[in-house]
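Trainee: Sending over a structure as structure tokens; questions will come in a sec.
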Amino acid sequence: MSDHPNIVQVQEAQIKQTSPGSHQISIISDLCNEGNLFDLLVKFGGKGLSEQQVVHILGDISRGILHMHN
């Protein structure tokens, strides 16, 4: 798509038939050194995020989506 700090780039994708009627999908994407949203939630151990953290995360997600639709 393009370089944007809130969009992970897909480098390669392939589908491989593993048996009749069964396939394996492999996706190679950019490395996210700091992890993903799930990793962040696990890090906080179910205690939840602050309102400020949620606003920041949703802002990042929204800017990424806006960029893809412009």
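Trainee: How many residues does the stretch 32-57 hold that are more than 11 Å from the chain's Cα centre (by Cα), among the hydrophobic types (A, V, I, L, M, F, W, C) and closer than 23 Å to Val10 by Cβ?
Mentor: 2
Trainee: Sticking with this structure for a sec: Specify the residue that is nearest to Ile7 (Cα to Cα); the eligible residues are those in the stretch 32-60 that are open to solvent by 60 Å² or more (accessible area, probe 1.4 Å) and among the acidic types (Asp, Glu).
Mentor: Glu34
Trainee: I've got another one for you. What is the residue count in the stretch 61-70 for residues that are of a type in the set (S, T, N, Q) and surrounded by 12 or more Cβ atoms within 10 Å (Cβ to Cβ)?
Mentor: Kept after step one, since they are of a type in the set (S, T, N, Q), are these residues of the stretch 61-70: 62, 70.
Then keep just the ones that are surrounded by 12 or more Cβ atoms within 10 Å (Cβ to Cβ); that gives none.
Adding up the residues that qualify gives 0.
Trainee: Take the stretch 1-31 and flag every residue that is exposed (fewer than 10 other Cβ atoms within 10 Å of the Cβ), modelled with pLDDT of 85 or more and not in a strand (DSSP E or B).
Mentor: Pro5, Pro20, Gly21, Leu31
The values are calculated or read from the model by the stated rules, or taken from the named source; none is laboratory data. In this text, all values refer to a predicted model and were calculated from it rather than measured experimentally. So basically every Cβ, Gly included, is an ideal-geometry build from the backbone, and we count neighbours across all protein chains shown. What goes into the accessible areas is simple: the full protein's heavy atoms, side chains included, and nothing from ligands, DNA or RNA. Shrake-Rupley method; radii C 1.70, N 1.55, O 1.52, S 1.80 Å.
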